[in-house]
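One structure follows; several queries about it will come next.
The values are calculated or read from the model by the stated rules, or taken from the named source; none is laboratory data. Only a predicted model underlies this, so the values are computations on that prediction, with no experimental measurement involved. In this analysis, Cβ positions are derived from the backbone assuming ideal geometry, glycine residues included, and neighbour counts consider all displayed protein chains. Surface accessibility is based on the protein's heavy atoms, side chains included, excluding ligands, DNA and RNA. Shrake-Rupley method; radii C 1.70, N 1.55, O 1.52, S 1.80 Å.
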Amino acid sequence: MRFSQTLKVTKTCHDFLKLPNLVAIVVLLSLLQCVRFGRCQNVDDYSDFNNSAVLPFVTQLVYGRLTNLTTSLMKNDIGNQSSFCFKDSEADWNRAFNFSNNLDFLSSCIQKTNGDISRRLCTVAEARFYFKSLFGGAKSANYLRPNRNCNLSSWLSGCEPGWACSIDPNEEVDLSNSKEIPARTLDCKTCCEGFFCPHGLTCMIPCPLGSYCPLARLNKTTGVCEPYHYQLPQGRPNHTCGGANIWADVGSSSEVFCSEGSYCPTTTEKINCSSGHYCRKGSTSEKRCFKLASCNPNTASQDIQAYGILLIAALGTLLLIIYNCSDQVLNTRERRQAKSREAAARSARDTAKAQQRWKSAKDAVKKRASGLQAQLSRTFSRKRDVTSFEKLAKPEAEDDVSPSHPTASVGISMSSSVESEGNKKEASDLMRTIHEIEKDLDHFEGFNFDTSDNSAMNLPKGKQISTHSQIFKYAYAQLEKEKAQQQEYKDLTFSGVIKMATDNRIRKRPLIEISFKDLTLTLKAKKKHLLRCVTGNIKPGRITSVMGPSGAGKTTLLSAIAGKAIGCNVTGSILINGKHESIHSYKKIIGFVPQDDIVHGNLTVEENLWFSAKCRLSVDLLKPDRVLVVERVIESLGLQTVRNSLVGTVEKRGISGGQRKRVNVGLEMVMEPSLLILDEPTSGLDSASSQQLLRALRREALEGVNICMVVHQPSYALFKMFDDLILLAKGGLTVYHGPVKKVEDYFAGLGINIPERVNPPDYFIDILEGIVDPGKVAKANYKELPFRWMLHKGYEIPPEMRRYAQEIASSSMAVELVNETTTDATGVEEQSFAGELWQDMKNNVELQRDKIRLNFLSSKDLSKRKTPGVFQQYRYFLGRVGKQRLREAKIQAVDYLILLLAGACLGSLSKVNDENFGAAGYTYTIIAVSLLCKIAALRSFSLDKLHYWRESSSGMSSLAYFLAKDTIDHFNTLVKPLVYLSMFYFLTNPRSSFADNYVVLLCLVYCVTGIAYALAILFEQGAAQLWSVLLAVVLTLIATRTDNSKMIKNLANFCYPRWALEAFVVANAERYYGIWLITRCGSLLKSGYSLHDWTLCILVLILIGIISRATAFFCMVTFQRK
C-alpha cells in the first residue's frame, strides 16, 4: 500500500519540480515526510485545495479511497449476491468506476467541498443499503426505507434528492465500514457534479461511466429540477436544486443515462456524435460506422441494412450455384451414361446380327455339303461313300456350337443320324423326363435346380471391366445372348420350358418352397375367420396365381406367407423348404410387391430401380453384373423409353399408371429374389402390358424363383401363362389348388362346364360370388365347393363343418347350407356397451403389441446373402435424398422466402428495447422460426412413410434412412438462420454480435427440427402441423411467464423456448456495461437468467434436438404401420 502511494507521490513530484517557487518545494518535502512516517493519509491534513500543486495529489488520494470503497463493495457485497449478472466482475466494475483517465470531476468536488469530500462519500454500509433497496423489492428507487439519518423524526435538507451532508469532524471516517450507517447531519450542501445523492440518504455515490450527472437547474414553469425529475421541497424557500439523485435501471433513471446520439467521456461532460459515427444510449465514446453503413450526426445507431441485402444476395447466389451446378452435374453424368449405354446397345445388336448372319452362312454351307454328299454317294461305292460322309460330318459337328432347337411336340423323336452317342443319351433322358411329367403333372414338385457356384455371373476372362462403356457393352452382350435363347424357345411349349429350365447357361438362385397345412387366420377383435384350413404349397420355378371373389382372403394368404399378418390368431403350420423356420430368416431374398404403387415420384425410373438394387443385391456381386440385372429388368418390363423420366407424384405428372405399376414390380425384381410375392400386379394394366409383365416373371421363374401373385379377372391368354392356381371362396376356404391345366377338368368332374366364349377364371369367380348358377347338372352349388375340394383331397374337415361334409358325401344332391359354415359359434352372447368398449380397447392394445413385436422381431439370417452394411446404405440413402432435395428446389425457395419475409416483418415491428435487452423481439423470433422450420421439417418423414415401411420390411437399414434424412436437412439448418437474420438482425441492430445470434438460432432450428421429426412420425400430416403450431405457442408462453410459481418455473425448464430466449437475452445483455449494470442485473434477476448460462443454453438446445431425434427414430422403428 505504502509502495503504491510512494509511486503516486513520485509522479506528483515530477510535476511539482516544474514550479520554481519555494512553496512547491516545502509542500513536496512535507508530502514525502507524511508518506515516510505513514501520516497525512486524510484529506483533512491539507487546507490549500486551490493550489495546483496540492490538488492533484489530494485527488489521487481521494480516488484511491474511492477505489477501495467500490472494490470492497463489489467483492464483499454486490459481487456475491449478483454474480449471475457479472461474467467478469472485475472487468465490469472497472468499466463502470474506472475514472483514472479523467479525474476532473473529483478535483472539482474537492474544491467545492473544501476538502470535505471524504466525509460526504457513502460508506459501504450506506451503499449496501441503497443497492439492497433497489433489488430488495422497494416500490420505487426514489424512496428508500427510513434509516438513521432520514426518518420520520429527523428529515434534514440532505435527505432531499440531490443533496448530501457531512460527518462530524471529530469522528473518524471509515468508508469500508459495512455494519453501521454513520451520523451524517452537518453542513448539508448540493451534491457534486459526477455524483448522485439518493432521496433518503445524506451521502454521495459516484455516477458510473456512461452517465451524465450535472447540477440540476430549476424549471420555473414546471417546478422540476432538470434534467432530473425531482421537485424542490415545500416550506424550504432557501433549498435549491442539487445534483443527480438516482442511479437505477433505465426505466426509472433514464435522465441519468447519457442520451442517444451523444457520448459522455466523463460523468460531467456530454459531446454530440460527429458524422460517420454513432452513439448508443449510455456510451462513453463514439463508434465509427461501417463502410457501407450510413450515419448522420447525432445518430444512435448505424443503418446496416445494406449488409443484410448483401448477405441475401450472396446467399441467394450461392444457393443458385449449388442447385444449378448440382443439377447440371447430374444431367451431364446421365447424358454421358445414356450415350455409353446407347452405344453399347447398338454395338451388341450389331454383333448379334453379325453372329446370326454367320450362323445362316454356316447353315447354308452345311446344306450344300449335304447335297454334295448325296451326289457323291451315287458316284462312288457304298463303302467309299460312308468314309466320305464321315469326313464331312466331323467338321460339321465341330463347327456347330449352337444348341439344337427343341421340337414342337414331345412325341417327335429328337435323335438324328449326325448326333453323337452322348447327345442321344442326353436327349433320351430329357424326353423321358418330359413324358413322366406330362403323364403325372399333378405330382410334379418343380425343378431340382443346381444352385452351386452360381453366385456371380461369368465375366470375360483376362479383362478388367471398369469404365461405363465396358460395363454396358458386357451387359448388353449378355442381354442379346439371352434374347437369342428366348428366340430359340419362343413358342414356350412344355418341352421348350423344360429345356430352358435345364439350360446351364441360365443362372439359378437359392430355392424357397413354401408349404402350408390347415392354415387358419382369425381376427382377434371380431373372431372372424379370414382363412380356413388352407393346405397346399407353392413351388420354385413356377408361377402361382391366387384368385377368388372379394373377401376370400387372397391378400391375407399372401400376408400370412410373407409373415406380415398381424392382429390375427394363426393356427396351422407354414414350412420353409420342409422345415419349421421363420420366413423372416429369408427376408433378404424375398420380394413383396404391395397392391399400392409405392414408388418415389421425384426419382426417375432408373434411379428407383438402381437404389433398390444397390441396397438389396449381394455385395459380392460385381458392378457389371449389377448393371446387367438392372438393364434386364428395364428391358423385360418395357421401361426403356421412360427410364430417365420422373415417376411423378399427385402434384406433378410423370409416367403412366401402367408404367408406374411395372416400376413397382421392378423394385423387387432387381434384387433377384428367390420368393416373389405380388399383390394384384396386373390391376390397372391392359392385356398387352399384363402379358409383358408375365413374360418378365416367367424369365424369373426359369431361374428358380418361386412366384405367387393375386390376380383379378385375368384374360384367357394371361390365365394360361400361370402354372398353378389357388382358388379361394368367401370365408377363406380353398376351392381348388393345383395346375392351371387341370382346373377345367376338375370342375367338369363336378358337373360345372364352362360355356363357350366365356373366360374360365371369370366364370369360376362368378360362381363363387353366387352370380351364376352352374345349373341342375352340377353336383354342388357354390357353398359346397370348398367341402368338395376337402373330400377330393382327403383333407381333415374341421369339427364344426363335418355335418355338412357328411351330407355332401352321402348324397349327390345339393344341400342347402347356411351362412354359419364360416363361423365357429352358433350363438354369441350379447355384451353391454361398457363390455364392448373394454373389449375394443383390449383388442387395440393387443394389436399395437403385435405390431411392436413384429417390428422388433429378430431371426437368424438363413438367406446366405450379404447385403451392404449400415454405412454403405447410408451413402446410398444420402445420394437419393440429395437428389430429391435438388428436385424440390422450388419448395425450398418458398421456405426461404417465407422465412425472409418473417424476418423483415418482425425486424421492422419489434425494435430492441434496452430495458429487457430485446426479449420481446426474440420471443417473436422463437415462435416464428419454430413454426416455419417445424412445418418444413415435417415433410422429411410425413410424405415418405409408405416408402419407409416398404423398404424397412425388405431389410433396408432404418438407421441409415434416418441419418441420411437428418444429414441432408442439416443444410437447411445451416442456411435458414442466415436467411432470417439477414433481415431481422440488420433491421433491429442489437448490441449482440451477428455470430452470437446465428449460433443461438442455429441450435434452435436444430432443436425444433428434431421435434418436428417426432411429430411427423407419430401423427398424420394434418395433426402433426397442428401440434407444431400448438407446441411453439404454448411452450413460449410458459417460458415467458414471470410469476413466482415454482411449478411454472420447473415446467419452463423443460421448454426449449426458455433456453433459446435466455441465450438471446444473455448474448445481448453482456454488451451492456457501465451505467447499464443495474439495468442488466435487474432484468436478469426478474427473468431468472444468468450471464454464465449461455453455453448451458446452447448445450440444452442441442441436447433436446438429440433426444427428440432419438425419440423420433425409436417411434419410427416401433410404430411402423397403422
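On a 32 Å Cα-Cα criterion, which of the cross-link pairs Lys112/Lys270; Lys527/Lys587; Lys623/Lys661; Lys353/Lys652 come out too long? Show your work: numbers first, answer last.
Values: Lys112/Lys270 21 Å; Lys527/Lys587 30 Å; Lys623/Lys661 27 Å; Lys353/Lys652 41 Å.
Going by Cα-Cα distance, Lys353/Lys652 fall outside the 32 Å limit.
What is the distance in Å between the Cα centres of the range 1059-1117 and the range 508-528?
Cα centres, the range 1059-1117 to the range 508-528: 57 Å.
OK, next. Take the alpha-carbon centre of the range 307-384, take the same for the range 682-725, and report the distance between them in whole Å.
First find each Cα centre; the distance between them is then 29 Å.
Of all the accessible heavy-atom surface of the range 984-1078, with the other protein chains kept in place and a 1.4 Å probe, what percent is carbon and sulfur?
Result for the range 984-1078: 66 percent of the exposed heavy-atom area is carbon or sulfur.
Please go through the residue pairs Lys526/Lys945; Lys528/Lys742; Lys366/Lys473; Lys87/Lys132; Lys588/Lys614 and name each one whose alpha carbons sit more than 24 Å apart in this structure.
Beyond 24 Å: Lys526/Lys945; Lys528/Lys742; Lys366/Lys473.
Related question: I'd like the Karplus ³J(HN,Hα) series for the range 84-92: coefficients 6.51, -1.76, 1.60, θ = phi - 60°, whole numbers in Hz, and an x wherever there's a Gly or Pro.
Here the 3J(HN,Hα) series is 5, 10, 10, 7, 10, 4, 5, 5, 5 Hz.
Next question, about the same structure. Could you tell me the convex hull volume per residue, in Å³, taken over the Cα atoms of the range 214-262? Let's see the in-between values first.
Numbers: hull volume 4.5 nm³, N = 49.
It comes to 92 Å³ per residue, whole-number rounded.
Viscosity 1.567 mPa s, temperature 4 °C: give me the Stokes-Einstein translational D for the range 597-705 in µm²/s, with Rh taken as the Kirkwood radius over C-alpha pairs.
Values: Rh = 14.0 Å.
It comes out at roughly 92 µm²/s.
State in Å² the accessible area per residue of the range 248-376; use a 1.4 Å probe, count heavy atoms of protein chains only, and round to the nearest integer.
I get 60 Å² per residue for the range 248-376.
Residues with beta-carbon under 13 Å from that of Ile1098, excluding Ile1098: net charge, scoring Lys, Arg +1 and Asp, Glu -1?
Numbers: positive: none; negative: Asp996, Glu1062, Asp1093.
Overall, the nearby charge balance is -3.
Between Cys325 and His239, with labels modelled 7 Å along Cα→Cβ, what's the label distance in nm to one decimal, could you check?
7.5 nm
Compute and list, largest first, the equivalent-ellipsoid semi-axes of the range 236-386 from the alpha carbon gyration tensor, each √(5λ) rounded to a whole angstrom.
Values for the range 236-386, descending: 108, 14, 8 Å.
Computing the accessible area with a 1.4 Å probe over protein heavy atoms, can you report the carbon and sulfur percentage for the range 135-232?
Values: 2400 of 4820 Å².
Accessible surface attributable to carbon and sulfur in the range 135-232 totals 50 percent.
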